[in-house]
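Only one structure is covered here, and it is reproduced in the block below.
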Amino acid sequence: MSNYFGNYSLYIALIASIYLIIKSYIDTNINIKNLNKNLVLITSVQTVMIIISFISLVVAFIISDFSNETVFNNSHTLKPLFYKISGSWGNHEGSLLLWLLVLSVFLYIFLLKSRSQNTKYRLLTLLFQQIIISGFLIFILLTSNPFNTVFPIPSEGLGLNPILQDPALAIHPPILYFGYVGTSIIFSTSLAALVAGNIGDSWAKHIKSWVLVSWIFLTIGILLGSIWAYYELGWGGFWFWDPVENVSLMPWFCLTALLHTVIVLEKRNLFKEWTIILSITTFSLSMSGTFLVRSGILNSIHTFANDPSRGIFILSFLFVLVIMSVTIFFFNQKKLTSTIKNSFIISKETAILVNNWFMMFFLSVVLVGTIYPIFLEVLNGSKISVGPPFYHNLLIPFLIPFLVFMSFGPSLKWIKDKLKKFEYNLLIIFLASILISYFILINAEKKFLLSVPLIILSFYLLLVTINDFFNKKSSLSQKISHFGFSLLITSILLNGLFSNEFNANMKVGEERKFNDKVIKLNSVNVRDIDNYKSLKANFEIKNQNSFIQLSPEVRIYQQPFTITSEADIKTTLFSDNFLVFNILKDDGYYNVRYQYKPVMIWIWISTILISIGGLLSLIKKNEKKY
Amino acid sequence: MKKNIKFISLLLSLIIVFIILLKGLNVSKDYSNEKLNSKIDFSFKVKKLFNDEVINIEDLFNQEDLSVVNIWASWCAPCKDEHPNLMQLKDMNIKVVGINYKDNPKNAKNFLNLLGNPYSEIITDKDGTKSIEFGAIGVPETIVINGKTKSIIKKFIGPLSNENIIEIKSLINEKT
Amino acid sequence: MKKPKFINLILIFVLIFKTSYANELNSQVDQITKNLRCLICQGQSVYDSQSDFAISMKTVVKNKLDEGKEEKEIYEYLKNKYGEWIVYEPELNQNTFLLWLIPLILFIFGGLLITRKVSIK
């Protein structure tokens, strides 16, 4: 029943889209004072239709309506309610419907919040966003309809994969999509402002909110994905440079650059062209991400169903959008005027340019690393792998100058500043960081060539950002976000330098020495729980003063036959103790991996801090502009 | 003018990228026959399944040009599925050397007693390293090698299908 | 004063970037297997995987090391059998020099763009 609602509301939405495109195009060419009432009405209808469609899908999942093919493929009566609901967007078709939902809801919110803006600008935004929406509607209706039916109606569904039943994994897609899809509004409004001729400081102020919203959600979305990987995948890592991860990181670099550029545009009316270019690029990266992940062109642990025909559609759609935006850009470039051409070399504007420079470099490393194998294979037939060593080798060295610039760039004054000012504070901080680094590096087991400058600089930056809380040179949100960022870099570095790992095969009752600890496997308890057989191991990690008990688990499911390994992680503010074990074919032996991971929780906390800074900037209307 | 040139060249490069990515979609994800003609190092010894005799692996392959190697295990379900096809090879008088992968010899022998023995010789590979020497990635896998030039000619990953059998037959017949 | 410093920084980092990640790990087997792709897994290294293939690979790597083979020789041996894509770090050869070069060229290009947008007066 809900299948019909879901399906037909999409068709209505498509018809609405076509109307909106035509009408808004016509209206932009006549001098109209306010948005036509019909336009607003039809847009509302479209939004409501899409909401109905989405709700229909969720309802179908909740009631386990297996006449719906998507529900049949991805759900099961035994799934807990929470995961039935999250299962609705945890598959290809459902996730596209979620994309569509956010596309249209964000558009509606835009229309509501932009009433004080130029009408031509609002019309054009509507037009461009509708082009995107119609593309998605056609894509969904033609190739990925979540409301296909199955007959005869099966009594049970296929989707009971336990790995996918996890809270972080459940909310990771919506949060991430708010981030991705938010870039669509940025794209549409940028093109609209370009054509309408109102790129300037007041437009920048208005679009900054959208950039912030998108950026905050994307940051948290990426964080959730990493947290899930760390807690669930059992390898103790949180970032693998997997193509799907890279695809979320790339728009993040772009959005961060755009966030800073928009601040310059707001304050000094500069960098207009570059702002548009960044807006187009950010959205293109989000869309490319969708393409790369769904088309089967990549090898990754979490690509969706590999279907080249879907890939062809998204690829073509993406390029139509890109070519359209490039063309619009070139033909409207002359509308971008600036009284000032250049910025003075020592100024906040230049510092932000430098930030963008590095962001674009980091972006290019990840982009090239991710798609180069595809290009090489097509052009040459060779199949190569680009893995973590590539990214580390290119990114880490450039982090060093970036940290240097970040330590003084953000506090430079607008327009013109001097570097000659010598501050005792900074000297003390620098000496302190050298001292701290000395003690740290003496104790570190794993040093690499660049660890010396990196540790010194990351502590320097950390202390500088803390010191900044005590002066009035920048807004509170900037202080929090920058502090969060420096804390993130420092935690990742410390974690990398001081983590160690124990990997061996053990029998019950055995104990092994590891550094200053003794690891003992006390017992393995076998129990039948729910729909799986549980093997719970009891480990003791003893060192001089204390001991920790860890109980990782191996689960053997039957439907479908899967063996999962659940790590046990004891988290404190200082470190994580991470233990995972696996059954081996050799009777009685288990493969045991124990990892000691210092300051792990600070990696999560610092990322949250970065977002909090952004959130603060978003909600504080009267924040003083520095 | 300069601006137009920039525009056209950007457009052109975008179209080229589009075409390459489009082609990328159709590129096969079958990496099995990536490295053909790679060399096998025959300088190790192996143990036969049935009489525990230790021999040079080379001795199994230097009689013929082309030999067929099949990697199997009693615990591997698809191996059971492909078994009839292996027996077909035996019926065609094609000699197949079996590599018993990470298996318990008793179970392996029972498996053969129950389903029949298609192999001319069987050697054991308790730790899986011998199979890697043949470029295998798992079970079941069938590899056609040239024993004289010590190189891998073709790999069949997964259970052998009827088409695979026909292909093996024609490969062997070509050489003889 | 600032411009020359820029260039120095860039040069230094371009020169030493290749040697930056000489991490000392627990054992050489770990180091090598972290750089090998598990061919039957989706996106896991041989080190991380507990699959049959991965376990056999770890044994093979250990055996080769015991025989006295160098890390590079082991990679060559495995690339010979399974193709270039079994190794995660793309080596610098005619296939991959662009891979390493393009981001660096873009970085320099970006730097030049900035110098045009920025004036000393």
All-but-one check, A:ILE374 against (1) in a helix (DSSP H, G or I); (2) facing chain C (nearest Cβ under 10 Å); (3) within 23 Å of the chain's Cα centre (by Cα), failing number (2)
Could you say which residue among A:THR28, A:THR70, A:THR77, A:THR47 is closer than 18 Å to A:LEU103 by Cα and touching a residue at least 12 places away in the same chain (Cβ under 8 Å)?
A:THR47
Counting only residues that are more than 7 Å from every other protein chain (Cβ to nearest Cβ), of a type outside the set (S, T, N, Q) and in contact with a helix residue (DSSP H, G or I) (Cβ under 7 Å, 6 or more places away or on another chain), the range A:361-371 contains a total of 5
Members of the range A:140-164 that are surrounded by 20 or more Cβ atoms within 10 Å (Cβ to Cβ) and either of a type outside the set (Gly, Ala, Ser) or in contact with a Gly (Cβ under 7 Å, 6 or more places away or on another chain) (or both):
A:ILE140, A:PRO146, A:PHE147, A:GLY159, A:LEU160
Quick count over the range A:453-502, residues being under 28 Å from A:GLY234 (Cα atoms), among the charged types (D, E, K, R) and at pLDDT 90 or above, is 0
For the range A:401-411, name all the residues that are aliphatic (A, V, I, L, M) and either within 24 Å of the chain's Cα centre (by Cα) or away from every other protein chain (no Cβ under 12 Å) (or both).
A:LEU403, A:MET406
The one condition in (1) under 26 Å from the mean Cα position of the chain (by Cα); (2) touching a residue at least 60 places away in the same chain (Cβ under 8 Å) that A:GLN129 fails to fulfil:
(2)
Can you say whether A:ILE186 is closer than 22 Å to A:ASN269 by Cα and in a loop (DSSP other than H, G, I, E, B), as far as the supplied structure shows?
no
Residue that is farthest from A:ASP530 (Cα to Cα), among those in the range A:65-86 that are in a helix (DSSP H, G or I) and polar (S, T, N, Q):
A:THR70
Selected residue [modelled with pLDDT of 90 or more and either touching a His at 6+ places or on another chain (Cβ under 6 Å) or of a type in the set (A, V, I, L, M) (or both)] from C:VAL29, C:VAL118, C:VAL46
C:VAL46
Could you tell me whether any residue of the range A:245-257 is acidic (Asp, Glu), out of contact with any Leu (no Cβ under 9 Å at 6 or more places or on another chain), at pLDDT below 95 and within 15 Å of A:SER286 (Cβ to Cβ)?
yes
I'd like to know if the range A:192-213 contains one or more residues that are at pLDDT 90 or above, among the polar types (S, T, N, Q), outside the structural domain of A:SER75 (by TED's automatic domain parsing) and buried (at least 18 other Cβ atoms within 10 Å of the Cβ).
no
Among (1) touching a His at 6+ places or on another chain (Cβ under 9 Å); (2) farther than 24 Å from A:GLY613 by Cβ; (3) modelled with pLDDT of 90 or more, A:PHE317 falls short only on (1)
Given the criteria under 16 Å from B:PHE50 (Cβ atoms) and in contact with a strand residue (DSSP E or B) (Cβ under 8 Å, 6 or more places away or on another chain), does B:GLY135 qualify?
no
Among the numbered conditions (1) at pLDDT 90 or above; (2) within 12 Å of chain C (Cβ to nearest Cβ), tell me where A:LEU419 comes up short.
(1)
Matching residues in the range A:584-600 - criterion: being surrounded by fewer than 17 Cβ atoms within 10 Å (Cβ to Cβ) and of a type outside the set (Asp, Glu):
A:LEU584, A:LYS585, A:GLY588, A:TYR589
Restricting attention to the range A:277-286, does a residue exist that is more than 12 Å from every other protein chain (Cβ to nearest Cβ), outside any helix (DSSP H, G or I) and either on the phi < 0 side of the Ramachandran plot or modelled with pLDDT of 85 or more (or both)?
no
Could you go through the range B:111-124 and let me know if any residue there is within 14 Å of chain C (Cβ to nearest Cβ), over 14 Å from B:PRO159 (Cα atoms) and among the charged types (D, E, K, R).
no
Verdict on A:ASN7 being assigned to a helix (DSSP H, G or I) and surrounded by fewer than 16 Cβ atoms within 10 Å (Cβ to Cβ):
no
Filter pass, B:LYS150 being closer than 22 Å to B:ASP41 by Cβ and surrounded by fewer than 17 Cβ atoms within 10 Å (Cβ to Cβ)
yes
Could you check how many residues of the range A:377-399 are more than 7 Å from chain C (Cβ to nearest Cβ) and part of a helix (DSSP H, G or I)?
6
Out of all the residues in the range A:59-94, which are of a type in the set (Val, Ile, Thr) and either surrounded by fewer than 21 Cβ atoms within 10 Å (Cβ to Cβ) or more than 24 Å from A:LEU137 (Cα to Cα) (or both)?
A:VAL59, A:ILE62, A:ILE63, A:THR77, A:ILE85
Go through the range A:386-408 and report how many residues are surrounded by fewer than 19 Cβ atoms within 10 Å (Cβ to Cβ) and touching a Lys or Arg at 6+ places or on another chain (Cβ under 8 Å).
1
Counting only residues that are in contact (Cβ under 8 Å) with a residue 60 or more places away in the chain and assigned to a loop (DSSP other than H, G, I, E, B), the range A:93-126 contains a total of 3
Consider A:SER316 carefully, then state whether it is of a type in the set (Gly, Ala, Ser), within 9 Å of another protein chain (Cβ to nearest Cβ) and surrounded by fewer than 20 Cβ atoms within 10 Å (Cβ to Cβ).
yes
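The values are calculated or read from the model by the stated rules, or taken from the named source; none is laboratory data. All of these numbers come straight from a predicted model, not from anything done at the bench. Note: ideal-geometry Cβ built from the backbone for every residue, glycine included; neighbour counts use all protein chains shown.
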